[in-house]
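Everything on this sheet refers to the single structure shown next.
The values are calculated or read from the model by the stated rules, or taken from the named source; none is laboratory data. Treat the numbers as computed from the prediction; the structure is a model and nothing was measured. Virtual Cβ from ideal backbone geometry, glycine too; neighbours counted across all protein chains shown.
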Amino acid sequence: MPSETATDRKFGTNVLWNMASLGFLAFAGLLLNFVIARFYGASALGLFNIVFALYIFLSQLGVLGIHFSVLRYVSEHATSEPEKAAQSVTGALMLVTAVSTAVTVAAVLATPLVRWIYPIEGITTAWLAILPGLWCFSINKVLLAVLNGAEYMRAFAVLQALRYIFILLALGCVLVIRPAAEWIVFVISAAEVLLLLVLAGVVHTIFPNLDWRGGRNWIRTHLDFGLRVFLSGTIGELNTRIDVLILGSMLDSTRAGIYSVALLLAEGFAQAIVVMRNNINPVITRDLLGGDVEAFTRFARRISGFFALFMLVAGTLLVAGFALTVTWLLPDAKFELAIVPLAILIAGLVLASAYMPFGMILSQSGRPFEQTLFAGAVLGSNAVLNILLIPPLGITGAALGTSLSYVVTAVLLIFIMRRVYGIKIWV
């Protein structure tokens, strides 16, 4: 058995690789949104982010929690029983392909409903342009979960970054062609199609002998696990976009676009939490299913303290940097209104950062239904706070509601870790 020092060293290396990937993802996401804002304006940016929010939500229906299931079982079997892990991967791919196809067809049929909820110019074209990416995205989530579960974290980091390399290449074509604003979302579809081709090849090198006959035996297992946990993923993704969706329906695409700048920067910052969570998830499965709560508690305490300090420093620098450069990056004076919402969002993330990386602890330790209840409580608090605060406070209210929901997340995790697992990190 490897020592704690060796385990920490491997964990630290994986985190560094994924943090480097994070840096590139944040840069690419910022560039994409700033190009839209600079060349097309706040209204076009609002249209892009409303459609993208709907896309992210539907992608969770397309994957149906199957990525959580394959992450859980590959984490458990990749080392000890690789043949069983390969069968698990095969069954997951068969199932997600069928589900994603059905959801994409349903999304096409729902186009009039989207146009009715968001009567924005260009919404129909933008919606249809992003749907090819919807089909691929669900499958890509399963393939990335395979890499995560098998602890190929360097490959995971590189391929996460590759998605945004493809987005930037497509963005370069947009800058040359300069299509109408509603066509910009097609860069998402183009990137997901290309990423699917690469991911399929990489996963095949890890599990070269995919057993399609044996994989059929895993379909019921993945479907059962996925149905119990998929609401957690759906709710989790919707939670990251609920403020934009409510803003878009309550206010207008221009104010949604201004708020999107603050949200984009906060989400880029929050990717540090995602990186930590992705690296922590296999450790949760290994330690908690193995009954070594004490080892996990020591590990969690070491990791969370350093991470919270990192988030405080990085968050302060981010807000200060944006306040100093916003007029240079985005000459339209409207975007200065994003400074206060950004500061509020970052404050919430910093306050919750010591616990949010453990957000998948229930699912990873075999409690998918409880994971769904947890995610639902977080989404409910976010939605209620946004609905209450947006009418009187506008985009500041959206930021305050979402920021408070981050704190709710941390409080719930403290309760869950202590009550369910007997784990006390700090409080």
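Quick grid of which residues meet (1) over 25 Å from PRO341 (Cα atoms); (2) of a type in the set (Gly, Ala, Ser); (3) at pLDDT below 85; (4) in a helix (DSSP H, G or I):
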{"site": "ASN239", "(1), (2), (3), (4)": "no, no, yes, yes"}
{"site": "ALA270", "(1), (2), (3), (4)": "no, yes, no, yes"}
{"site": "ASP287", "(1), (2), (3), (4)": "yes, no, yes, yes"}
{"site": "ALA295", "(1), (2), (3), (4)": "yes, yes, yes, yes"}
{"site": "MET311", "(1), (2), (3), (4)": "no, no, no, yes"}
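Only a single item in (1) assigned to a helix (DSSP H, G or I); (2) farther than 17 Å from PHE68 by Cα; (3) out of contact with any Pro (no Cβ under 9 Å at 6 or more places or on another chain) is not met by GLY291, and it is number (1).
Every residue, every condition in (1) closer than 23 Å to ALA262 by Cβ; (2) of a type in the set (Gly, Ala, Ser), yes or no:
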residue	(1), (2)
LEU342	yes, no
MET360	no, no
GLY366	no, yes
GLY376	no, yes
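LYS84 satisfies every condition listed in (1) over 18 Å from PHE225 (Cβ atoms); (2) touching a His at 6+ places or on another chain (Cβ under 9 Å) except (1).
In the condition set (1) part of a helix (DSSP H, G or I); (2) closer than 28 Å to ARG255 by Cβ; (3) more than 24 Å from the chain's Cα centre (by Cα); (4) among the aliphatic types (A, V, I, L, M), ILE120 is compliant with all but (1).
Quick one: PRO331 ticks every box in (1) more than 25 Å from the chain's Cα centre (by Cα); (2) assigned to a helix (DSSP H, G or I) bar one, so which box is it? For PRO331, the failing item is (2).
Selection of region 163-198 for residues being within 16 Å of PHE48 (Cβ to Cβ), part of a helix (DSSP H, G or I) and of a type in the set (Val, Ile, Thr) yields ILE167, VAL174, VAL187, ILE188. Summed over region 136-162, residues that are under 17 Å from the mean Cα position of the chain (by Cα) and either under 18 Å from VAL51 (Cβ atoms) or outside any helix (DSSP H, G or I) (or both) total 3. Restricted to region 163-184, and to residues there that are of a type in the set (A, V, I, L, M) and in contact with a Ser or Thr (Cβ under 9 Å, 6 or more places away or on another chain), the residue that is modelled with the lowest pLDDT is ALA181.
Residues are listed down the side, and each one gets a yes or a no for (1) surrounded by 18 or more Cβ atoms within 10 Å (Cβ to Cβ); (2) out of contact with any strand residue (DSSP E or B) (no Cβ under 6 Å at 6 or more places or on another chain); (3) farther than 30 Å from GLU370 by Cα:
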{"site": "THR205", "(1), (2), (3)": "no, yes, yes"}
{"site": "ASP224", "(1), (2), (3)": "no, yes, no"}
{"site": "LEU238", "(1), (2), (3)": "yes, yes, no"}
{"site": "ASP243", "(1), (2), (3)": "yes, yes, no"}
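Read through the list (1) modelled with pLDDT of 85 or more; (2) under 30 Å from GLY149 (Cα atoms); (3) part of a helix (DSSP H, G or I), then give the number of the only condition that ALA354 fails. Condition not satisfied by ALA354: (3). Scanning region 398-427 for residues that are more than 13 Å from PHE374 (Cβ to Cβ) and touching an Asp or Glu at 6+ places or on another chain (Cβ under 9 Å) yields ALA398, ALA399, GLY401, THR402. In region 361-384, how many residues are of a type in the set (A, V, I, L, M), surrounded by fewer than 18 Cβ atoms within 10 Å (Cβ to Cβ) and in contact (Cβ under 8 Å) with a residue 24 or more places away in the chain? Looking only at that region, the number is 1. Checking each residue in region 385-406 for being part of a helix (DSSP H, G or I), out of contact with any Gly (no Cβ under 6 Å at 6 or more places or on another chain) and either of a type in the set (S, T, N, Q) or in contact (Cβ under 8 Å) with a residue 12 or more places away in the chain (or both) picks out ILE387, LEU388, PRO391, ILE395, THR396, ALA398, ALA399, LEU400, GLY401, THR402, LEU404, SER405.
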